[in-house]
Amino acid sequence: MESEPGYAIDPRAAVKVASTHPDTFSAQGEGRDQAEFQLSSHFQPIYSLAHRRPVGYEGLIRAIDSSGRQISPAELFSKARQQEARIRLDRQCRAVHVQNFQRLGDARSWLFLNVDPSVATEGVRFGAFFSEMLKSNGFPPHRVAVELIETPYEDETRLASAFEYYRTLGCLIVIDDFGAGYSNFDRIWRLKPDIVKIDREMTRRATVEPLARRMFAGIVSVLHEAGALVCVEGIETEAEALCATDADADLVQGRFFAPPGAELQPENARRAVFARLIADYRTDVSELQKRQHARLEPYLAALKNAVQDLSLGGEFAQAVQILLKLPCTQRCYLIGRDGLQIGANVEADRNVQARDPRFDQMKPTAGTDWQTKSYFRRAIETPGKVQITRPYLAVTGPRLCVTLSFDFEAPDGLQQVLCTDLDFAALAGDDLAFGVTRAHA
């Protein structure tokens with residue numbers, strides 16, 4: 001049974017190919033004229049950040065019309081107006097890629113083949129193709145990565161069933177352009193892909209918008225938890241490459257590393273690029289940690305002074321006064337060993353969110369339970385050491401904050417945790433990366 005898109009060139013297949021040559025596609029032109037297009041392949045390498053070499057190549061179709069004009073893939077497929085013609089062209093393109101890739105002699109890398117959702121689900125009606133095409137070319141299915149392109153398709157359940165066919169053949173399943181249009185978490189859950197490619201626009205925004213930068217690493221982490229390797233595609237600049245590296249992506253693709261070409265890249269051709277990238281990444285992390293420490297130092301010192309006063313029996317509101325006067329401090333509060341808050345928050349005068357009546361019902365009071373919060377758990381586990389969170393949304397108001405926490409022994413011998421919330425936007429300023437890599441006290 002066939003449920004996949006492709007480029008059938010076998011004259012015995014249910015969908016016949018008009019041309020007898022696998023690199024030529026004929027389509028109905030104006031009137032009764034036949035338009036012919038010469039097809040060829042370009043391959044863009046997909047690199048492993050860990051291995052610093054290509055581990056796969058994406059097949060990209062190139063076409064020339066009868067006048068010698070190069071036409072885009074979008075224009076080429078627009079010539080195949082009917083579903084049967086589109087399936088025929090899709091199959092022919094894939095077969096061309098497999099044959100051309102075989103000729104280039106790479107016996108190890110994955111070959112990424114794009115698949116349109118509608119072709120994947122409707123192809124079965126036009127006869128078996130994909131497994132026979134791979135077999136006739138001697139290409140093992142475990143080296144094929146079937147890449148679902150981002151297009152709408154109404155019956156996602158049927159799409160999942162269609163892609164299970166490729167999985168049973170032994171192919172890898174890839175979702176393209178995640179974060180754009182229909183390539184969303186619903187498709188991740190249904191198709192259970194082996195690899196997810198992140199949309200280029202998401203990558204670009206992560207290099208210019210602080211919120212997108214922080215979310216980017218989180219999205220990569222969630223995709224890892226879903227069981228998928230993550231490929232960041234469309235990388236054109238070093239800033240985008242550094243963003244992918246910092247987010248712990250597995251694979252990278254884009255012109256920054258290598259453009260598509262008719263020939264394959266030598267395995268070590270980009271060693272110098274990767275060496276420079278990793279060196280720059282280490283420098284960026286080191287400089288970021290220095291900036292973080294410099295901005296946090298006054299708060300860390302004031303927090304430790306407050307802890308000292310509290311350990312000696314000082315009154316809470318008085319002990320945190322210096323901390324509250326620092327420009328980014330929003331509030332201070334105490335948590336008992338059981339995770340329950342001791343008394344009410346002490347708010348900084350400048351913290352207008354504390355006086356916002358819309359969030360009155362969310363204001364912490366004595367007995368509010370914080371034991372599930374990482375800043376409490378980590379402080380209890382490592383007493384005597386300041387803990388610093390990444391930016392998160394406080395339940396007390398719609399603003400990102402960073403929490404500093406410190407476990408100490410109160411005069412009665414019981415453990416308590418002093419916490420202070422800092423306004424993240426004020427702390428970070430215009431520093432794009434601030435808050436992306438965890439600071440260490």
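The values are calculated or read from the model by the stated rules, or taken from the named source; none is laboratory data. Computed from a predicted structure; not experimentally measured. A quick note on method: Cβ atoms are made from the backbone with ideal geometry, for glycine too, and the neighbour counts reach across all protein chains shown. With ligands, DNA and RNA removed, areas are computed over all heavy atoms of the protein, side chains included. Shrake-Rupley method; radii C 1.70, N 1.55, O 1.52, S 1.80 Å.
May I ask you to list the residues in region 29-72 that are open to solvent by 40 Å² or more (accessible area, probe 1.4 Å) and either touching an Asp or Glu at 6+ places or on another chain (Cβ under 7 Å) or under 18 Å from Arg143 (Cα atoms) (or both)?
Once the filter is applied, which keeps residues that are open to solvent by 40 Å² or more (accessible area, probe 1.4 Å) and either touching an Asp or Glu at 6+ places or on another chain (Cβ under 7 Å) or under 18 Å from Arg143 (Cα atoms) (or both), region 29-72 yields Gln38, Ser40, His42, His51, Arg53, Ser66.
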Checklist entry - What about Ala348, is it in contact with a Cys (Cβ under 9 Å, 6 or more places away or on another chain), of a type in the set (Gly, Ala, Ser), closer than 27 Å to Ala217 by Cα and surrounded by 15 or more Cβ atoms within 10 Å (Cβ to Cβ)? => result no
Checklist entry - Within region 279-313, how many residues are surrounded by fewer than 16 Cβ atoms within 10 Å (Cβ to Cβ), part of a helix (DSSP H, G or I) and of a type in the set (A, V, I, L, M)? => result 3
Item to check | Residues of region 314-331 classified as of a type in the set (Val, Ile, Thr) and either under 30 Å from Ala247 (Cα atoms) or not in a helix (DSSP H, G or I) (or both), total | outcome: 2
Item to check | Given (1) among the small types (Gly, Ala, Ser); (2) without any contact (Cβ under 8 Å) to a residue 60 or more places away in the chain; (3) open to solvent by 10 Å² or more (accessible area, probe 1.4 Å), number of the condition Ala206 does not satisfy | outcome: (3)
Checklist outcome for this item: Note on region 177-203: residues at pLDDT below 90 and either assigned to a strand (DSSP E or B) or open to solvent by less than 10 Å² (accessible area, probe 1.4 Å) (or both) are Asp177, Phe178, Ser183, Arg187, Ile188, Leu191
Checklist entry - Can you name every residue in region 73-97 that is in contact with a strand residue (DSSP E or B) (Cβ under 7 Å, 6 or more places away or on another chain) and crowded, with 19+ Cβ neighbours inside 10 Å? => result Leu76, Lys79, Leu89, Gln92, Cys93, Arg94, Val96, His97
Item to check | Positions within region 208-243 being closer than 23 Å to Lys192 by Cβ and part of a loop (DSSP other than H, G, I, E, B), in sequence order | outcome: Ala226, Gly227, Ala228, Glu233
Item to check | Tally of residues being open to solvent by less than 60 Å² (accessible area, probe 1.4 Å) and in a helix (DSSP H, G or I) across region 379-401 | outcome: 2
Checklist entry - In region 246-278, how many are of a type outside the set (A, V, I, L, M), in a helix (DSSP H, G or I), surrounded by 14 or more Cβ atoms within 10 Å (Cβ to Cβ) and modelled with pLDDT of 95 or more? => result 1
